[in-house]
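Some notes on the structure that comes next.
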Amino acid sequence: MAVSSSLYLPFEKPIYELEAQLSELEANSNGKGVTDEVRKMRRDLDNLVRKVYENLSAWQTVQVARHQARPQSSDYIELIFEEFFELHGDRAIGDDKAIVTGFAKLGDYRVLVVGHQKGKNTQERSERFFGCAHPEGYRKALEKMKLAEKYGLPVICMIDTPGAYPGIGAEQRGQSLMIANNLLEMSRLKTPIICTVIGEGCSGGALGIGIGDRVCMLQFAYYSVISPEGCSGILWKEGDSHKEEAAEAMKLTSKDLYRLGVIDDVVEEPLGGAHRDHRTAAWNLKSVWLRYLREISHLSGEELVDQRYSKFRRMGVFEEASAGGTT
Amino acid sequence: MNQESLETGDKSSGNQRRPKRGVPEGLFLRCPGCGATLYKKDVERNQNVCPECDHHFYISARDRITHLVDSDSFEEWFDNLRSVDPLAFVDRKSYKDRLVDERKRTKLNEAIVCGRAFVRGRPFVAAITDSAFSMGSMGSVVGEKLVRSIEKATELRLPLVIISASGGGARMQEGILSLMQMAKVSAALAKYDDAGGLYVSVLTNPTMGGVAASFASLGDITLAEPKALIGFAGPRTIWATVRLELPKGFQTSEFLLAHGFVDRIVHRRSLRDELANIFDYCRLKPKPSK
């Protein structure tokens with residue numbers, strides 16, 4: 001997939017330079033078929049992309065997760081599901097466009113999809129508050145999930161948000177309560193829930209649709225208690241000037257979260273990140289979701305809720321000291 | 001936060017270098033509510049509330065327990081849990097060192113004290129966060145102690161009272177594990193609710209971020225101390241996003257009451273009577289025999 005040059009990430013520069021050379025060479029070799037030189041350069045390019053992406057720092061991963069050409073919920077909905085039957089509104093305040101919800105068909109399964117949507121252009125982004133949901137967004141997600149529970153539909157959540165919206169109206173309408181309520185209700189929803197961080201998974205805004213029987217992340221997504229910029233501002237007290245260190249310190253990459261036991265799987269992205277190949281990213285995601293559905297869709301509501309409780313109950317690392325010292 | 005601690009200006013600020021403000025050291029202190037100069041002993045006798053204007057000062061979890069529950073009725077639980085440093089986190093200071101300093105400074109092992117107690121002869125499970133310890137933030141230990149307390153309350157069929165004082169929300173130094181405590185505690189509250197439990201959430205200054213967005217907001221009944229700061233995003237973050245002047249009294253207990261998120265605003269002095277009263281109205285049903 002061609003990525004506009006205005007969206008190049010700084011560390012991708014050598015990749016795009018070599019890509020430009022390659023296309024020039026390909027253009028010049030017109031009619032001569034694929035020359036050895038072209039073949040070699042293609043190989044070099046693959047190796048370069050692999051090398052760059054194998055060694056991304058935490059901050060570079062955050063940049064990839066935020067890439068403007070990275071596929072969003074709407075792209076995966078388009079590429080993965082056979083149908084999307086959108087449902088709007090929270091039945092109390094309004095229709096928050098930062099979270100989309102609707103019925104969809106995934107292979108033989110009918111499911112409910114819930115996903116943050118950041119928006120693709122300036123107008124869409126401002127309508128959707130860059131994927132930062134208000135209380136009514138979390139309420140809308142929960143209303144639709146309860147509908148799914150009633151009719152036994154599995155729920156698939158796609159997380160992609162820089163955080164819940166920090167605004168006056170959001171506080172007036174109970175941002176804390178709506179997120180908290182989703183955590184509580186999702187933990188006892190008697191239907192299968194699959195959660196995937198597809199891009200940014202930031203703070204309570206991400207967790208608000210993140211309680212599931214299976215939780216996974218795309219390879220270059222990140223999932224964190226607070227944004228690197230926010231952490232830098234609070235702990236280093238110098239604005240966002242320490243965001244790179246903060247990103248590193250918080251251990252927010254998919255590899256870290258897998259190691260910490262917070263996610264079940266890392267879903268591999270195509271070479272050079274999902275933004276370079278939406279289709280492959282979607283394909284990989286689809287196969288993981290289908291596997292999850294095969295694993296959990298036959299379980300009863302009670303079994304699901306019990307297993308989900310145990311899953312989150314285990315999270316956390318601490319020591320238990322006895323009278324004689326720590327154990 | 002909480003520069004108005006009764007001890008010293010920096011008791012709970014987490015910043016030892018900050019100069020002490022006002023005249024809190026020694027015998028007198030200045031009330032940030034009415035500006036009156038107060039005899040410290042008078043304030044302490046009044047549960048750290050200004051006798052002139054009812055301004056609610058910071059109160060430690062242990063002092064609160066002393067004032068709130070029937071004398072000698074508190075049985076502490078799970079104080080043997082210790083935070084570790086799962087991420088080897090270092091900012092300007094290592095998390096390991098921070099923990100050592102916080103323990104020394106506050107004489108607490110963690111930012112929460114849990115146990116069973118009685119008010120006016122009525123038993124209940126109490127969990128109280130202390131904003132002096134790492135801003136009252138929730139890491140793995142706070143989450144675990146809460147969940148164990150909630151599970152105990154479920155098992156013993158006792159009412160549950162969680163008093164929140166947390167400006168820190170989820171503890172950044174434990175990264176994603178802290179965020180997951182929000183999920184874990186909320187899930188335990190769901191089970192407690194399914195079992196017919198009664199959870200009274202008491203919000204005090206400050207209750208923010210991940211604490212507000214999880215257990216603090218999930219009470220069957222929600223009480224708040226007067227003029228506490230309560231909200232999801234910090235006022236500075238909101239200002240930086242919307243660039244609008246924030247309304248007067250924004251994110252205070254009174255603001256939450258007006259918007260329908262708090263049942264009652266309760267003076268610290270009245271809390272024990274109010275809790276006893278609530279326990280009498282909302283009696284837990286005996287366990288259904290199978």
**OP:** State all residues of segment A:232-253 that are in contact (Cβ under 8 Å) with a residue 60 or more places away in the chain and either touching a strand residue (DSSP E or B) at 6+ places or on another chain (Cβ under 8 Å) or part of a helix (DSSP H, G or I) (or both); if no residue qualifies, say none.
**Re:** A:Lys243, A:Glu244, A:Ala247, A:Glu248, A:Met250, A:Leu252, A:Thr253
**OP:** With the condition kept exactly as written, say whether any residue in segment B:188-208 is part of a loop (DSSP other than H, G, I, E, B) and at the interface with chain A (Cβ under 10 Å from one of its Cβ atoms).
**Re:** no
Original post:
How do the pairs read when you match residues in segment B:158-184 that are assigned to a loop (DSSP other than H, G, I, E, B) with residues anywhere that are of a type in the set (Ser, Thr, Tyr) and open to solvent by 10 Å² or more (accessible area, probe 1.4 Å), using Cβ under 7 Å and keeping only pairs 6 or more apart or on different chains?
Top reply: B:Gly168/B:Ser134; B:Arg171/B:Ser134
Subject >> Residue that is nearest to B:Ile230 (Cα to Cα) [pool: residues in segment B:162-196 that are over 20 Å from the mean Cα position of the chain (by Cα) and open to solvent by 10 Å² or more (accessible area, probe 1.4 Å)] >> reply: B:Asp193
Subject >> Check on A:Ile226, open to solvent by 50 Å² or more (accessible area, probe 1.4 Å), over 26 Å from A:Pro192 (Cβ atoms) and either without any contact (Cβ under 8 Å) to a residue 60 or more places away in the chain or assigned to a loop (DSSP other than H, G, I, E, B) (or both) >> reply: no
**OP:** Would you be able to tell me the number of residues in segment B:32-62 that are within 20 Å of B:Ile265 (Cα to Cα), surrounded by fewer than 19 Cβ atoms within 10 Å (Cβ to Cβ) and either among the small types (Gly, Ala, Ser) or in contact with a helix residue (DSSP H, G or I) (Cβ under 7 Å, 6 or more places away or on another chain) (or both)?
**Re:** 3
Subject >> Matching residues in segment B:249-264 - criterion: being away from chain A (no Cβ under 12 Å) and in contact with a helix residue (DSSP H, G or I) (Cβ under 9 Å, 6 or more places away or on another chain) >> reply: B:Asp263, B:Arg264
Original post:
Does segment A:281-298 contain any residue that is open to solvent by less than 40 Å² (accessible area, probe 1.4 Å), assigned to a helix (DSSP H, G or I) and within 14 Å of another protein chain (Cβ to nearest Cβ)?
Top reply: no
Original post:
Taking the condition open to solvent by 20 Å² or more (accessible area, probe 1.4 Å) and of a type in the set (A, V, I, L, M, F, W, C), does A:Phe220 pass?
Top reply: no
**OP:** Answer yes or no as to whether B:Ser140 is in contact (Cβ under 8 Å) with a residue 60 or more places away in the chain, small (Gly, Ala, Ser) and surrounded by 15 or more Cβ atoms within 10 Å (Cβ to Cβ).
**Re:** no
**OP:** Answer yes if at least one residue in segment A:193-201 is in contact with a helix residue (DSSP H, G or I) (Cβ under 9 Å, 6 or more places away or on another chain), part of a loop (DSSP other than H, G, I, E, B) and either surrounded by 24 or more Cβ atoms within 10 Å (Cβ to Cβ) or more than 7 Å from chain B (Cβ to nearest Cβ) (or both), and no otherwise.
**Re:** no
Subject >> Qualifying positions in segment B:74-91 - more than 9 Å from every other protein chain (Cβ to nearest Cβ) and surrounded by fewer than 15 Cβ atoms within 10 Å (Cβ to Cβ) >> reply: B:Glu75, B:Glu76
Original post:
Looking at segment B:237-245, is at least one residue among the hydroxyl-bearing types (Ser, Thr, Tyr) and either closer than 20 Å to B:Ser137 by Cβ or more than 10 Å from every other protein chain (Cβ to nearest Cβ) (or both)?
Top reply: yes
Subject >> Filtered residues of segment B:226-252 (kept if in contact with a Leu (Cβ under 7 Å, 6 or more places away or on another chain) and buried (at least 19 other Cβ atoms within 10 Å of the Cβ)) >> reply: B:Ala228, B:Ile230, B:Ile238, B:Gln251, B:Thr252
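The values are calculated or read from the model by the stated rules, or taken from the named source; none is laboratory data. In this text the structure is predicted, and so the values were computed from the model without any measurement. Ideal geometry is used to build each Cβ from the backbone, glycine not excepted, and the neighbour counts take in all protein chains shown. Heads up: the accessible areas ignore ligands, DNA and RNA and are worked out on the full protein's heavy atoms, side chains in. Shrake-Rupley method; radii C 1.70, N 1.55, O 1.52, S 1.80 Å.
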